[in-house]
1. Anything in region 15-59 that is in a loop (DSSP other than H, G, I, E, B), small (Gly, Ala, Ser) and more than 17 Å from Ile113 (Cα to Cα)? List them, or say none.
2. Does region 82-96 contain at least one residue that is without any contact (Cβ under 8 Å) to a residue 40 or more places away in the chain, farther than 24 Å from Gly172 by Cα and open to solvent by 30 Å² or more (accessible area, probe 1.4 Å)?
3. Pairs only if they're at least six apart or on different chains, beta carbon under 6 angstrom, first in region 184-199 and closer than 16 Å to Ile95 by Cα and in contact (Cβ under 8 Å) with a residue 40 or more places away in the chain, second assigned to a helix (DSSP H, G or I) and open to solvent by less than 100 Å² (accessible area, probe 1.4 Å); list them, first residue then second.
4. Determine if region 25-47 includes at least one residue that is open to solvent by 10 Å² or more (accessible area, probe 1.4 Å), within 16 Å of Glu160 (Cβ to Cβ) and among the hydrophobic types (A, V, I, L, M, F, W, C).
5. Got a sec? Which strands (runs of 3 or more DSSP E) wholly within region 60-127 have at least 2 residues that are among the hydrophobic types (A, V, I, L, M, F, W, C) and within 22 Å of Leu23 (Cβ to Cβ)?
6. Quick one: Lys51 ticks every box in (1) surrounded by 18 or more Cβ atoms within 10 Å (Cβ to Cβ); (2) at pLDDT 95 or above; (3) more than 12 Å from the chain's Cα centre (by Cα) except a single one, so which number is it?
7. Which residue is farthest from the chain's Cα centre (by Cα), if the candidates are limited to region 135-194 and must be part of a strand (DSSP E or B) and among the hydroxyl-bearing types (Ser, Thr, Tyr)?
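The values are calculated or read from the model by the stated rules, or taken from the named source; none is laboratory data. All of these numbers come straight from a predicted model, not from anything done at the bench. Cβ: placed from backbone, ideal geometry, glycine included. Neighbour counts: every protein chain shown. Areas reflect the complete protein model, heavy atoms only, side chains present, ligands, DNA and RNA absent. Shrake-Rupley method; radii C 1.70, N 1.55, O 1.52, S 1.80 Å.
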Amino acid sequence: MILPGTDPQAILDAAARIRAGELVGFPTETVYGLGADASSDAAVAGIFVAKGRPADHPLIVHVADAAQVPDYASSVPAFAQRLMQAFWPGPLTVILPRREGVAAAAAGGQNSIGLRCPNHPVALAFLKACATGVAGPSANRFGRVSPTTAQHVQQEFGDELLVLDGGPCDVGIESSIVDCTRGRPVLLRPGVLTRAELE
């Protein structure tokens, strides 16, 4: 079912589903995400099943602001802080050392975790209401084109999934990913942010 992301009750309903361990489709400025509570390995497992995605492929965890980063990262290098200050909220994912015992399924079992604060009013309202990080890969089945409208998500997963409609995505391609676990920033996936902008 598609609900208007501008409706405060729809945001609360979507956040309640996340806290109950269910999946929710939500908009970002890049593409629509398929969200689950990042702190619940069982909920995150539902993403892998729904997408048909290998469970060792890490997921990006979306946060409402930088204040949530210490919930998932054991340390944040100074250069990572500068990147977040410059590009959050926005289409940048930073990979940081993962706190032990936190979000193992979302991290694909790795010792690092990808974090992003999206620049979309519906996404930010949703994440604030969830009060937890939301693991959210693109809301499409594995290997298919990433969705840029709520209707695309519904076509992919059917009417059972609650999808917050935030309109068409502004960017339409995935976030840039910078690995901040190697002592210096390493660009893993270019997105709308260029290498020059990041440097």
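1. Once the filter is applied, which keeps residues that are in a loop (DSSP other than H, G, I, E, B), small (Gly, Ala, Ser) and more than 17 Å from Ile113 (Cα to Cα), region 15-59 yields Ala20, Gly21, Gly52.
2. Pass one, region 82-96, residues without any contact (Cβ under 8 Å) to a residue 40 or more places away in the chain: 82, 84-86, 88-89.
Restricting the remaining residues to those that are farther than 24 Å from Gly172 by Cα gives 82.
From what's left, open to solvent by 30 Å² or more (accessible area, probe 1.4 Å): 82.
Yes, some residue in region 82-96 is without any contact (Cβ under 8 Å) to a residue 40 or more places away in the chain, farther than 24 Å from Gly172 by Cα and open to solvent by 30 Å² or more (accessible area, probe 1.4 Å).
3. What qualifies is Pro185/Phe79.
4. Checked against the condition, which is being open to solvent by 10 Å² or more (accessible area, probe 1.4 Å), within 16 Å of Glu160 (Cβ to Cβ) and among the hydrophobic types (A, V, I, L, M, F, W, C), region 25-47 yields no hits at all.
5. Values: elements: 60-62, 92-97, 112-116.
Fully inside region 60-127 and qualifying: 60-62, 112-116.
6. That leaves (2) as the condition not met.
7. Taking region 135-194 and keeping what is part of a strand (DSSP E or B), we get 135, 138, 162-165, 176-179, 186-189.
Remaining after also requiring among the hydroxyl-bearing types (Ser, Thr, Tyr): 138, 176.
Details: Ser138: 8, Ser176: 12 Å.
Of everything passing the filter in region 135-194, Ser176 is farthest from the chain's Cα centre (by Cα).
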